[in-house]
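Below is one structure, written out as structure tokens; the observations come after it.
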Amino acid sequence: MTKAMTLEALSEAPAIGRFDNSYARLPAGFHVAAEPARAARPRLVAFNRGLADELGLDVEGVDDATLASIFSGNLIPQGAQPVALAYAGHQFGSFVPQLGDGRAILLGEVVGAKGRRDIQLKGAGPTHFSRRGDGLAAIGPVLREYLVSEAMAALGVPTTRSLAAVTTGNPVYRETRLPGAVVTRVAASHIRVGTFQFFAARSDVGAIRTLADYVIERHFPEAGTAANRYLALYQAVIARQAALIARWMQLGFIHGVMNTDNMAISGETIDYGPCAFMDEYHPAKVFSSIDAHGRYAFSNQPHIAQWNLARLAECLLPLLHDDPEQAVPVAQTTLSRFMPQFEEKLVEGFRAKLGLVTARDEDKALVKGLLETMAAGGADFTLTFRKLAEDVVLSPKEAALSTGRLFADPAGFDAWARLWLERLAMEDVPAEARAALMNRANPKFIPRNHLIEEVIAAAIERDDFGPFHEMLAVVTRPYDEQPGMERYAEPPQPDERVLQTFCGT
Ligand code: AMP
Ligand code: MG
């Protein structure tokens, strides 16, 4: 029986919002029509009502069964025009001229309080771009993406969001048979560095210009009025990436697969695959099971961002200057602004984490000193920063600083802390007020990997989504104390440590 003959398809498609599909109106080479595969028994695991409101969706009175049908792809909402997007990308440094949405289908765009947003089903079956993949997602990566993206949003990091998670009732075959699921991803757009590369690889300058103009209108309208609008676009993309990567580095976040197809032009974090927040701090930490050479190690992230931005520049060269000889130095000069911008954002954020309200040149060294001490002492990244606020309040009274207890060698920390306390003393800020400020900069709760694994195991082994909902509630209030939830703040025991995470496939 074809989909058109099913009962659900015969009933009228629900109108949940006003879709305006500007990307689908771009020329044919940008996208291919797509049809979600049929979910046998869609069941709603999570629905993000707050986000639905922000998007201006009208889902009041829509029951869970209907939401499950919509967000599994069984029911296409009125006005949606499902397509898969074309893109290319450098994967671990090697260029692939055609990747595209192999397991994602863009339903369309809605315009809400915060502007235009893509609504995309991830894991709803094969598309034109699936190659040998099945286009599906297993429950594990869906729950991981939901938890981590919503935690990132609550932490104030630019990110795609999660609107819904649905189990499909279909099996997905990976190393084992797993429950299939679909996550609905919301993004400012799904345009990536790799989208530009797709057209550059085909020497289609017209399409690159169309895409650049579209991106300017959608994401960087201020660039549209600049003397060289494409240069202004490039500068704006660089600035957003500098700010984004600085946020990751301030939270101990490792993306895991910073391929050019996983870098969004909008400046949002996208594609939560083998990502992780670090427990014990180490700059060389790698989680991704497929990152054998540490290309996407924690401390490499700014360098990789810069590398990806150089690939973007290559695509934009024909737009930057009529004379290719002159376009290259223009791009290089522009890109050379990335590292200084990144470092400025980085130290700015770390100042707040250390409770500093003024800027001094030596702050960079102070931050570096703490990170080195943390790496040497195997200290937990998140706990260390969170605990510093306690020391601010206690330090005049207690000789030994409590944060030192997190270090294998507290003496190293104590030596650093003396310098830090001297620096704090240069500012006239009451301890309690300072501690309160620090607690808004240093989260208590991040989605720790070993706990995500527990949540996924409960879902797979016991069909129990209680742990998922509890953890979601905790990590979306990352700066609050949340008495009774201390377990979520604790680093893993040695036997709970997750050393690798796997791609979302
Ligand atoms: P990712 O590693 O998630 O960034 O994906 C890289 C590329 O592989 C993209 O083009 C995806 O659409 C594609 N891909 C990943 N998983 C699947 C799958 N299960 N089926 C089809 N395509 C996939
Ligand atoms: Mg990707």
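The values are calculated or read from the model by the stated rules, or taken from the named source; none is laboratory data. Predicted model, so just to flag it, every value in this text is computed and none were measured. All Cβ positions, even for glycine, are placed from backbone atoms using ideal geometry, and neighbour counts span all protein chains on display. Please note that ligands, DNA and RNA were not included when accessible areas were found on the heavy atoms of the full protein model with its side chains. Shrake-Rupley method; radii C 1.70, N 1.55, O 1.52, S 1.80 Å.
Here, P(r) means the percent of Cα pairs in each 10 Å bin from 0 to the largest distance; for the range 412-484 it is 16, 30, 24, 17, 10, 2. When both the range 267-282 and the range 400-419 are represented by their alpha-carbon centers, they are found 27 Å apart. Compute the helix-to-body angle for 229-251: its Cα long axis versus the longest principal axis of the chain, expressed 0 to 90° and rounded to tens. That works out to roughly 50 degrees.
With everything on Cα atoms, drop me the angle between helix 139-154 and the longest principal axis of the chain, reported from 0 to 90° to the nearest 10. With both axes taken from Cα atoms, the answer is about 60 degrees.
Residues with beta-carbon under 10 Å from that of F92, excluding F92: net charge, scoring Lys, Arg +1 and Asp, Glu -1? Numbers along the way, then the final one.
Values: positive: R295; negative: D291.
Overall, the nearby charge balance is 0.
Heavy atoms only, probe 1.4 Å: what % of the accessible area of the range 194-346 goes to carbon and sulfur, would you let me know? Before the final figure, lay out the partial values.
Numbers: 2880 of 5490 Å².
About 52 percent, which is the carbon plus sulfur part of the accessible surface.
Computed with a 1.4 Å probe on the full set of protein chains, the accessible area for E432 sits at about 120 Å². Full extension of the chain between E60 and E490 gives 151.0 nm of extra length, using 0.36 nm per residue less the Cα-Cα distance. Using R0 = 35 Å, the C-beta based FRET efficiency linking E325 and A226 works out to 0.95.
Treating only the Cβ atoms of Lys and Arg (+1) and Asp and Glu (-1) as charged, compute the dipole magnitude of the range 360-505 about its Cα centre; round to the nearest 20 debye. Kindly include the intermediate steps, with their values, before the conclusion.
Details: 17 positive and 26 negative charges, 65 e Å.
Using Cβ point charges on Lys, Arg, Asp and Glu, the range 360-505 gives about 320 debye.
The amide H of S288, built 1.01 Å from its N in the peptide plane, has T501 as neighbours under 5 Å, considering only residues 5 or more places off or on other chains. Where the convex hull is taken over the Cα atoms of the range 291-424, what is its projected area averaged over directions, in nm²? Average projection, Cα convex hull of the range 291-424: 10.8 nm².
Based on the Cβ-Cβ distance from Q98 to E362, what FRET efficiency comes out when R0 is 51 Å, to the nearest 0.05?
Working: r = 50 Å, r/R0 = 0.98.
Here the calculated transfer efficiency is 0.55.
Subtracting the Cα-Cα distance from 0.36 nm times the residue separation, let me have the gained length for R131 to H469 in nm, one decimal.
On the way: separation 338, 0.36 × 338 = 121.68 nm, distance 3.44 nm.
Contour length minus the Cα-Cα distance gives 118.2 nm.
When the chain is fully extended, how far beyond the present Cα-Cα distance does R116 get from D414, taking 0.36 nm per residue of separation?
On the way: separation 298, 0.36 × 298 = 107.28 nm, distance 4.95 nm.
Extra length from R116 to D414 when fully extended: 102.3 nm.
Percent of Cα pairs in the range 194-346 per distance bin of 10 Å, from zero to the largest separation: 11, 39, 33, 15, 2, 0. Close amide-amide hydrogen proximity is noted between V498 and H450, each under 5 Å apart and 5 or more residues distant or on a separate chain (H modeled in the peptide plane; Pro and chain starts excluded). Once C-alpha pairs closer than 8 Å and six or more residues apart are averaged by separation and normalised to the residue number of the chain, the relative contact order reads 14 percent.
Let me make sure I get this right: for the chain, a, b and c are the square roots of the gyration tensor eigenvalues over alpha carbons, sorted descending. Under 1.5 in a/c it's rounded, otherwise prolate if a/b > b/c, else oblate. Which is it? Kindly include the intermediate steps, with their values, before the conclusion.
On the way: a/c = 1.95, a/b = 1.30, b/c = 1.50.
Oblate shape, in that a/c is at least 1.5 and b/c is the bigger or equal ratio.
For the range 3-189, which whole-number percentage of the solvent-accessible area (1.4 Å probe, protein heavy atoms only) is attributable to carbon and sulfur atoms? Looking at the range 3-189 in its full context, I get 52 percent from C and S.
Only helices enter this figure: runs of n ≥ 4 DSSP H residues, each worth -39500 (n - 2.57), summed and divided by the residues of the chain, yield -13000 deg cm²/dmol at 222 nm to the nearest 500.
Treat every Asp and Glu Cβ in the range 73-208 as -1 and every Lys and Arg Cβ as +1, leave all other atoms uncharged, and give the resulting dipole magnitude about the Cα centre to the nearest 20 debye. Mind dumping the intermediate values first?
Numbers: 14 positive and 8 negative charges, 17 e Å.
In debye, rounded to 20, the range 73-208 gives about 80.
Accessible area per residue for the chain, computed on protein heavy atoms with a 1.4 Å probe, is 41 Å².
Report, to the nearest whole %, how much of the accessible area of the range 360-505 belongs to carbon and sulfur atoms, 1.4 Å probe, protein only. Each step should come with its number before you reach the end.
Details: 4050 of 7290 Å².
Carbon-and-sulfur percentage of accessible area, whole number: 56.
With the charge dipole of the chain set up from +1 on Lys and Arg Cβ and -1 on Asp and Glu Cβ about the Cα centre, the Cα lying farthest toward the positive end among the listed residues A457, A86, A236 is that of A86.
Where both bridge residues fall in the chain, DSSP classifies roughly 95% of the beta bridges as antiparallel. Summing Cβ point charges (Lys, Arg +1; Asp, Glu -1) relative to the Cα centre of the chain gives a dipole of roughly 760 debye.
Relative to the longest principal axis of the Cα atoms of the chain, the long axis of helix 301-320 lies at roughly 50 degrees. Converting phi to 3J(HN,Hα) with the Karplus coefficients 6.51, -1.76 and 1.60 and the offset θ = phi - 60°, the range 402-415 yields 5, 4, x, 5, 7, 9, 4, 10, x, 4, x, 5, 4, 4 Hz in sequence order, with x at every glycine or proline.
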